[in-house]
Every structure is written in C-alpha cells, then in structure tokens.
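Quick notes on the structure that follows.
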Amino acid sequence: MVLASQMRTGMVIVLENHPYRVVAADYHPGQGQMGGATHARLQSIDTGTFREHSFRGELRLQDLPVEKHPLEFLYLDGDQCCFMDPDNYEQIEVARALAGSRAAFLEPGMKLTVEFVNGRPVHMAIPDALEVKIADTAPASRQQQDTGFKPAKLDNGLEIMVPQFIKTGDLIRLDLETMKYMDRARPDAKTKHA
C-alpha cells in the first residue's frame, strides 16, 4: 500500500479493481486543516486509455511491483516488437502499441528497458532524443544558408525539417517528442543508435 501523496511517475496502482500506470503525479499540500491532494494522469494497463484523477493525500492505494528488464531489440513483426533478454537469450514479444510512434526508430541491437507487471509488459523506455542518419536531403540553397529549414528524409523513411547546412549522410540528434532537429551528433558521443 502506498499513500496517494507518495505516488510517483512509473508506479502501477490498482484503482476500482483495474491496474493503472502513473504517467504523471503532482502533490499539492493543503493549508490549515485542509489535507493535500495528488493530481494524477493514469494509463489503463488493460485498455491503454488515459484518465485524470485527484486523490486525497492520505488515501492508501494498492501498488503493484514493477520489474524492469534490460532487453535488446531484434526486429518488428507486424504489431509485435521482438526483444531478446541478453542474460538468458530468451526472446520476448512486446506489443508495438507500447512504443507508439517511436516504434519507427527501433533498430536491431538497440538496448531498452521494458517494465513488466505480473509478467506482462506495460511500458517501453525509449529515449527522448536519438541520433539518426539523414538518408536524403537537397543541397543548401545560397540565399538562405543560415536561416531556413529544408525537408530531409531519414533512414527509416520519415521526413523532418533540418537546417540548410545539413547534408545527406550527416548524423543528427532528433527530439522524438516533437520530431524536430536538435543539433548535429557529436562524433565522440558514446550512445549511437543510427
């Protein structure tokens, strides 16, 4: 059991006999004799739907243990992502829906943390920014060398806007939340996913 005031992002709780993953939680302390309240955004593990809910700070909720396993991505198979456990080489299939739009950026050999509740995968921790390779883009136009953006196609086929100085074959860092160019990838960076 956990107090609602101690609820944190990533926890799994039981509410009205259904398991929910806490996506966001904010505790607001009360003043005087008023107790505090926790405002939470919850995602149903069963249906994937989101729900906003407010809890009294002293309310006790049942929490479920979350197991985190580092897995290596192997390949996409329809609506499933196939992973391998590097400890025992066991293959595990995870629903592609857990990755959402970020599934297009999964590459063989990529190491991710997958969270399990009662042996069932509930969340895939994909980084917010990745290094990706530009597969095709137009050469820089002379008039707008420093200020304008141009379309560029990534290795996975997605199209984004990049600054004029980016060339075909360049490695860039991409913000996966906004799908926007962040900066050029540094050649000395330790984590490469492209």
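Please treat every number below as a calculation from the coordinates, not as lab data. Source: prediction; values computed, not measured. Methodologically, a virtual Cβ is constructed for each residue, glycine included, from the backbone with ideal geometry; neighbour enumeration extends over all protein chains shown.
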| request: Enter the per residue convex hull volume of the range 129-184, computed from alpha-carbon coordinates, in Å³ rounded to the nearest integer. | output: 66
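Would you please name the chymotrypsin sites (Phe, Trp or Tyr not before Pro) within the range 1-102 that are DSSP coil residues with at most 13 other C-beta atoms within 10 Å of their C-beta? Please list the in-between numbers first.
Details: sites: Y20, Y27, F50, F55, F73, Y75, F83, Y89; in loops: Y89.
Sites meeting the loop and neighbour criteria: Y89.
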| field | Spatially near lysine pairs across the chain, Cα under 29 Å, sequence gap of 8 or more or different chains | value | 28
| field | Volume per residue of the C-alpha convex hull in the chain, rounded to whole Å³ | value | 166
| At most 16 other Cβ within 10 Å, DSSP loop - GluC sites (Glu not before Pro), the range 43-114 | E58, E90
| query | When N is the residue count of the range 59-105, what does its C-alpha Rg come to as a fraction of 2.2 N^0.38 Å? | reply | 1.45
| remark: The correct pair for the range 2-64, radius of gyration to one decimal and Dmax as a whole number, both in Å and from Cα atoms, is 11.4, 39
| Efficiency of FRET between K111 and K153 - r from beta-carbon atoms, R0 30 angstrom, step 0.05 | 0.70
